[in-house]
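Below: one structure, written as structure tokens.
The values are calculated or read from the model by the stated rules, or taken from the named source; none is laboratory data. Small disclaimer: the values here were computed from a predicted structure and weren't measured. Virtual Cβ from ideal backbone geometry, glycine too; neighbours counted across all protein chains shown.
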Amino acid sequence: MADPILNISGVTKIYGRTVANDAVDFQVETGQIHAVLGENGAGKSTLMKVIYGVVKPDAGTVSWQGETVDIASPAEARRLGIGMVFQHFSLFETLTVTENISLAVEGSKAELTARIRSASERFGLEVEPDARVHALTVGERQRIEILRCILQEPKLIILDEPTSVLPPQGIAKLFETLKTLAAEGIAVVFISHKLDEIRALCDTATIMRGGRVVGVVNPAEETSKSLTQMMIGQEIAEFGTRAPATASREILRVEGLDHVPEDPYAPRLSGLELSLRSGEILGIAGVSGNGQGALMRVLAGEIPTPPDTVILQGEAIGATGPEARRRKGLHFIPEERLGRGAVPGHSLAENVGLTTFHSGLLSSGFLNLRKRRARAAETIEKMDVRCSGPDAAAQSLSGGNLQKFIVSREMALSPQVLIAEQPTWGVDVGAAAAIRQRLLDLRAQGVAVLIVSEELEELMEICDRIQVMFRGRLSPAVAAGQTDIDHIGLAMAGDFDELEATHG
């Protein structure tokens, strides 16, 4: 057995009445790829923050390369050789990619730019070094974090949901790279809700539930079902029987949409066409950064376009704003949870009122605070959001729990059209299944659903038709049952002809 590079013993961390970590033991060996599994709120993020010096434990010890250490800050963690890519990013939005990386990696601008381009190609993490972060999508920002971590040449890398930004081909390349790094003696802690990936990649998996370690297993010897049962303590509910699509009338159409973004590095939208009918789920696949974000902002009304480029129930709405579209029944779940989906410092009750105030919360022009709080409590209960209640600040929730809250909030508004951008990103397997089931339920009720996702399995599982976005262009739609992940993956690299061939 290899020597442990990291040994956590009896670590406990308590926030008020919440025990985030309860006497946790955790060990990572040199050259090992070690998965950490658990539901949202199981304590994974807190444990990683202890290792990276963001959080000081209330009890327990941390040993690094055989010596007990007090990791007081991320800078100290990096000095020791520990690198981490967080689910929520730590980038300066007004700086370029190179400038952000230069804050943690030494070298001139020219040297770093060359290293970034080389690493981008090697790891399949495409990013433009001169682009400013504020103009980049969540997926592109995650790539920057991964690159910044790798360029620091750490002895242990903690990766939180790293494959959510990659197409199938890119995932395979990243796995090859991680295995190469492990063979060279670098330890990897891999956090993911994709159980098939963990079973294929990781040597060991530590399972957490309710702040405690409930098992340490070899994931290759487990099934996805057995891992899920250990994570949630029970069998996961199966999807209900999926009836054939009942799509009827066209409810949303995009026609001849062109858009030139202000950011010179972002792809321009060129001649986009899509049609969405009531009672169907249309999926848009693609590697993050190919124009999906701009399309979603156009559909949400944040970017005005010529009126007749977006048609909602026969009415040209291209020039109308988000509030007008909401009143017409179009609701939107954004990719960015904090900032667009929720105001970080506001309570969940305050956040629920941001999009639902017009649905029974107003009385004589005033907001009924009691009803708003009750609505927040109902939103929390419906999706089992783990928090201290309606008064909890949005920024106090884990990423997955905040996502569940935002999804539950928008689904409760009886939309006629629901546009969901990365609806299950960073959400645990149980919650992801619940969200997908809710989307299928909406579809069965005649709601038109448009999903943008980089989770190809998710799109194939619940969508009726799929389109692929590549460099600002949108492929023709194909029936999900007449294509496969391999052909979708090729289209994500720009080969639309191969995708159309499957539709025949």
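What is the residue count in the range 479-491 for residues that are touching a residue at least 12 places away in the same chain (Cβ under 8 Å) and either touching a strand residue (DSSP E or B) at 6+ places or on another chain (Cβ under 6 Å) or surrounded by fewer than 21 Cβ atoms within 10 Å (Cβ to Cβ) (or both)? Walk me through it before giving the result.
Just the residues of the range 479-491 that are touching a residue at least 12 places away in the same chain (Cβ under 8 Å), to begin with: 479-480, 482-489, 491.
Narrowing the set further to residues that are either touching a strand residue (DSSP E or B) at 6+ places or on another chain (Cβ under 6 Å) or surrounded by fewer than 21 Cβ atoms within 10 Å (Cβ to Cβ) (or both) leaves 479-480, 482, 484-488, 491.
Result for the range 479-491: 9.
Which helices (runs of 4 or more DSSP H) does the range 406-504 wholly contain that include 3 or more residues that are modelled with pLDDT of 90 or more and within 23 Å of the chain's Cα centre (by Cα)?
So the answer is 429-444, 456-462.
With the checklist (1) surrounded by fewer than 22 Cβ atoms within 10 Å (Cβ to Cβ); (2) part of a helix (DSSP H, G or I) in hand, flag the one item Thr379 doesn't pass.
The one condition Thr379 does not meet is (1).
Is the range 302-319 home to any residue that is farther than 29 Å from Glu262 by Cα, touching a His at 6+ places or on another chain (Cβ under 9 Å), among the small types (Gly, Ala, Ser) and at pLDDT below 95?
Initial filter on the range 302-319 (farther than 29 Å from Glu262 by Cα): 313-314.
Narrowing further to those that are touching a His at 6+ places or on another chain (Cβ under 9 Å): none.
Within the range 302-319 (the criterion being farther than 29 Å from Glu262 by Cα, touching a His at 6+ places or on another chain (Cβ under 9 Å), among the small types (Gly, Ala, Ser) and at pLDDT below 95), the answer is no, since none of the residues qualifies.
Regarding the range 357-375, can at least one residue be identified that is outside any loop (DSSP other than H, G, I, E, B), touching a helix residue (DSSP H, G or I) at 6+ places or on another chain (Cβ under 6 Å) and closer than 29 Å to Val254 by Cα?
no
Give me the residue from the range 116-137 that is of a type outside the set (D, E, K, R) and more than 15 Å from Asp263 (Cβ to Cβ) and, out of that set, nearest to the chain's Cα centre (by Cα).
Of everything passing the filter in the range 116-137, Leu125 is nearest to the chain's Cα centre (by Cα).
What residue, among those in the range 119-159 that are surrounded by fewer than 23 Cβ atoms within 10 Å (Cβ to Cβ) and acidic (Asp, Glu), is nearest to Gly185 (Cα to Cα)?
Restricting to residues being surrounded by fewer than 23 Cβ atoms within 10 Å (Cβ to Cβ) and acidic (Asp, Glu), the top hit is Glu153.
Residues in the range 358-376 that are within 23 Å of Ile419 (Cβ to Cβ) and surrounded by 15 or more Cβ atoms within 10 Å (Cβ to Cβ): how many?
Matching residues across the range 358-376 total 3.
Can you tell me which residue is modelled with the highest pLDDT among those in the range 161-191 that are in contact with a strand residue (DSSP E or B) (Cβ under 7 Å, 6 or more places away or on another chain) and part of a loop (DSSP other than H, G, I, E, B)?
Checked the range 161-191; the qualifying residue modelled with the highest pLDDT is Ile186.
State all residues of the range 298-308 that are part of a helix (DSSP H, G or I) and under 14 Å from Leu272 (Cα atoms); if no residue qualifies, say none.
Hits for the range 298-308 are Val298, Leu299, Asp308.
Which ones in the range 46-74 are of a type in the set (Gly, Ala, Ser) and assigned to a strand (DSSP E or B)?
Ala59, Gly60, Ser63
So is Ser475 under 28 Å from Leu338 (Cβ atoms), hydroxyl-bearing (Ser, Thr, Tyr) and touching a residue at least 24 places away in the same chain (Cβ under 8 Å) or not?
The answer is no for Ser475.
Condition (residue is among the charged types (D, E, K, R), over 20 Å from Asp203 (Cα atoms) and buried (at least 22 other Cβ atoms within 10 Å of the Cβ)) applied to the range 10-30: is it met by at least one residue?
Scanning the range 10-30, I find at least one residue that is among the charged types (D, E, K, R), over 20 Å from Asp203 (Cα atoms) and buried (at least 22 other Cβ atoms within 10 Å of the Cβ), so the answer is yes.
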